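The values are calculated or read from the model by the stated rules, or taken from the named source; none is laboratory data. Please read these numbers as outputs of a predicted model, since none were measured by experiment. Here the Cβ is made from the backbone with ideal geometry for all residues, glycine too, and neighbour counts use every protein chain on show. Quick note on the areas: whole protein, heavy atoms, side chains included, nothing else; ligands and nucleic acids left out. Shrake-Rupley method; radii C 1.70, N 1.55, O 1.52, S 1.80 Å.
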Amino acid sequence: MKIGIVLYPTFGGSGVVATELGIALAKKGHEIHFITYSQPVRLDKLRENIYFHEVAVSDYPLFEHTPYEQVLTSKLVDVVKYEKLELLHCHYAIPHASAAYMAQQILKEEGIHIPFITTLHGTDITLVGKDPSFEPVITFSINKSTKVTAVSESLKADTYEHFKITREIQVIPNFIRIGDYEMPNNPKYKLRYAPNGEFLITHISNFRKVKRVHDVLGIFKGLLDKGLKAKLMLVGDGPERNKLEKKCREWGLCDSIIFLGSMKSTVEVLAISDLFLLPSETESFGLSALEALAAKVPVIASNTGGIPEVITHGFSGFLSNVGDVEDMVNNAFYILSDSERKIQFSKNAFEEGLKFDLENILPIYEKLYEEALSEHLAKL
Ligand code: GMT
């Protein structure tokens, strides 16, 4: 099948999921066309059956904000027409779903009929999407999509709650390629970051408010106060980083915190991690937590959104109320303070992660594509 994947190319989970899905589909012989404004981060080498179409946004003095959606729409029309695509798959509703709908209508005038699927990822619904300035467009384009999927039951419920959705939403959870995480715990790296045998505690995110990175710091401090020897590895970057750096200076913790910045792959970091922290305000799924599980790292997280669909409380980690740093400290200490228990949680984490292996999820997407094609054709 010839499929166009519309995505954000940055470090966010929706872009990672879309890129990995495209790569996996291409390996199975589908022809995949990625359409976005710059090369997706994980698409950094030549690969068979994969093409990238850049949506080049040029400046014009009249525009204070260049209208990306229109440029994207024109690009979709062009790529569908000349690459003879059979289907578009939009990841993150804003503005991809409405651009796909517009492209669909333009192409219809020329006798070309293209179905499009919208996959809802998170803040397109829970934060940005339900803002009144976006809501009517989101509602319309979800209702007009040939198929709609959400990455968790929680996100599906949120979508029905906040929008007037008149159609079915299928839940297809995010995935990882479990084999990618089979990396030996490299003693060289472990020694570099934990020279005195400290526990390595990790957080990965885009450092936005929703991630509650100040709680990450609070949990870490709480563990040190309990006498645990540990280092904190922070991967990613974003608007909250400055505040975090300030706080770590204020608390005199800078020697114990390693800011690693954004990384294309987090596998090596996770391979040497003992515990992963995700105390978010809301999280439709929590792909970074799933990546931790795949790397055999138990997770301390908030009991919010789709996280309980990924982490089983008391098995692969622990869930606490949002902002309950004290409970998170106690849970983290419980896992790390007993080596047998830590090993058991690590085994459980891997077992939980296995459920989300790409092998199990890819056939669901392929079936969805077939259904979208035949439903769309049947309607013509
Ligand atoms: O909404 C965002 O935070 C961005 C989005 C993304 O593009 O990374 O993240 C969302 O989608 C991810 C992939 O499906 C999920 O793992 C994240 O939980 C989700 N983020 C939130 O819900 C805050």
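Consider only pairs whose beta carbons are under 7 Å apart and that are at least six residues apart or on different chains; among these, list those whose first residue lies in region 160-182 and is assigned to a strand (DSSP E or B) and whose second residue is small (Gly, Ala, Ser).
Qualifying pairs under 7 Å: VAL171/ALA150; VAL171/SER152; ILE176/ALA294; ILE176/GLY353.
Given (1) among the small types (Gly, Ala, Ser); (2) within 14 Å of the ligand (Cβ to nearest atom); (3) open to solvent by less than 10 Å² (accessible area, probe 1.4 Å), where does SER205 come up short, assuming only one miss?
Exception for SER205: condition (3).
Kindly provide the set of residues from region 11-40 that are free of Cβ contacts under 8 Å to residues at least 60 places away in the same chain, under 22 Å from ASP124 (Cα atoms) and open to solvent by 20 Å² or more (accessible area, probe 1.4 Å), ordered by number. Walk me through how you get there before you give the answer.
The initial filter retains those residues of region 11-40 that are free of Cβ contacts under 8 Å to residues at least 60 places away in the same chain, namely 19, 22-23, 26-27, 29-40.
Then keep just the ones that are under 22 Å from ASP124 (Cα atoms); that gives 19, 22, 34-40.
Listed by number, the residues that qualify are TYR37, SER38, GLN39.
For the structure I just gave you, tell me whether ASP324 is under 26 Å from THR126 (Cβ atoms), acidic (Asp, Glu) and surrounded by fewer than 20 Cβ atoms within 10 Å (Cβ to Cβ). I'd like the intermediate steps shown before the answer.
On the way: under 26 Å from THR126 (Cβ atoms): yes; acidic (Asp, Glu): yes; surrounded by fewer than 20 Cβ atoms within 10 Å (Cβ to Cβ): yes.
Criteria met by ASP324.
Counting only residues that are aliphatic (A, V, I, L, M) and open to solvent by less than 10 Å² (accessible area, probe 1.4 Å), which one in region 129-142 is nearest to the ligand (Cβ to nearest atom)?
Quick first cut of region 129-142, residues aliphatic (A, V, I, L, M) only: 137-138, 142.
This time we only want the ones that are open to solvent by less than 10 Å² (accessible area, probe 1.4 Å), so: 138, 142.
Numbers: ILE138: 13, ILE142: 16 Å.
Top of the filtered list is ILE138.
Among the residues that make up region 235-246, is at least one of them more than 27 Å from the chain's Cα centre (by Cα) and outside the structural domain of THR123 (by TED's automatic domain parsing)? Steps first, please.
Filtering region 235-246 for residues more than 27 Å from the chain's Cα centre (by Cα) gives 246.
Now restrict to residues that are outside the structural domain of THR123 (by TED's automatic domain parsing): 246.
The answer is yes, given that some residue of region 235-246 is more than 27 Å from the chain's Cα centre (by Cα) and outside the structural domain of THR123 (by TED's automatic domain parsing).
If we scan region 111-118, do we find a residue that is within 21 Å of SER154 (Cβ to Cβ) and open to solvent by 10 Å² or more (accessible area, probe 1.4 Å)? Walk me through it before giving the result.
Initial filter on region 111-118 (within 21 Å of SER154 (Cβ to Cβ)): 117-118.
Subsequent filtering for residues that are open to solvent by 10 Å² or more (accessible area, probe 1.4 Å) retains none.
No, the conditions are met nowhere in region 111-118.
So which helices (runs of 4 or more DSSP H) are wholly in region 214-320 and hold at least 2 residues that are more than 30 Å from LYS355 (Cα to Cα) and either at pLDDT below 95 or not aromatic (Phe, Trp, Tyr) (or both)? Steps first, answer last, please.
Numbers: elements: 241-250, 267-271, 287-294.
Passing ranges, in order: 241-250.
Take the conditions touching a residue at least 40 places away in the same chain (Cβ under 8 Å) and outside any loop (DSSP other than H, G, I, E, B) and apply them to ILE361. Does it pass?
On the way: touching a residue at least 40 places away in the same chain (Cβ under 8 Å): yes; outside any loop (DSSP other than H, G, I, E, B): yes.
Here the answer is yes, as ILE361 does meet what is asked.
With respect to the numbered conditions (1) touching a His at 6+ places or on another chain (Cβ under 7 Å); (2) within 16 Å of the ligand (Cβ to nearest atom), which one is the sole condition not fulfilled by VAL79?
Going through the list (1) touching a His at 6+ places or on another chain (Cβ under 7 Å); (2) within 16 Å of the ligand (Cβ to nearest atom), VAL79 breaks only (2).
Just a yes or no: is a residue in region 146-154 farther than 19 Å from GLY12 by Cβ, free of Cβ contacts under 8 Å to residues at least 12 places away in the same chain and open to solvent by 50 Å² or more (accessible area, probe 1.4 Å)? Full working, then the answer.
First pass over region 146-154, keeping only residues farther than 19 Å from GLY12 by Cβ: 146-148, 153.
Now narrow it down to the ones that are free of Cβ contacts under 8 Å to residues at least 12 places away in the same chain: none.
No.
Would you mention how many residues in region 143-162 are more than 16 Å from the ligand (Cβ to nearest atom) and either within 16 Å of the chain's Cα centre (by Cα) or not basic (Lys, Arg) (or both)?
If we filter region 143-162 for residues that are more than 16 Å from the ligand (Cβ to nearest atom), which is where we start, we get 143-147, 160.
Next, only the ones that are either within 16 Å of the chain's Cα centre (by Cα) or not basic (Lys, Arg) (or both) stay: 143, 145-146, 160.
Of the residues in that region, 4 qualify.
Among THR126, THR36, THR119, which is within 15 Å of the ligand (Cβ to nearest atom) and modelled with pLDDT under 95? Walk me through how you get there before you give the answer.
On the way: THR36 fails: modelled with pLDDT under 95; THR119 fails: modelled with pLDDT under 95.
Result of the check over THR126, THR36, THR119: THR126.
Among the residues of region 82-91, write down those that are more than 16 Å from the ligand (Cβ to nearest atom) and within 29 Å of ALA150 (Cβ to Cβ).
First pass over region 82-91, keeping only residues more than 16 Å from the ligand (Cβ to nearest atom): 82-88.
Selection gives GLU83, LEU85, GLU86, LEU87, LEU88.
Can you confirm whether region 58-79 contains a residue that is within 27 Å of GLY286 (Cβ to Cβ) and open to solvent by 70 Å² or more (accessible area, probe 1.4 Å)? Give the derivation first.
Our first condition is that a residue be within 27 Å of GLY286 (Cβ to Cβ); within region 58-79, this holds for none.
So far as region 58-79 goes, no, none of its residues is within 27 Å of GLY286 (Cβ to Cβ) and open to solvent by 70 Å² or more (accessible area, probe 1.4 Å).
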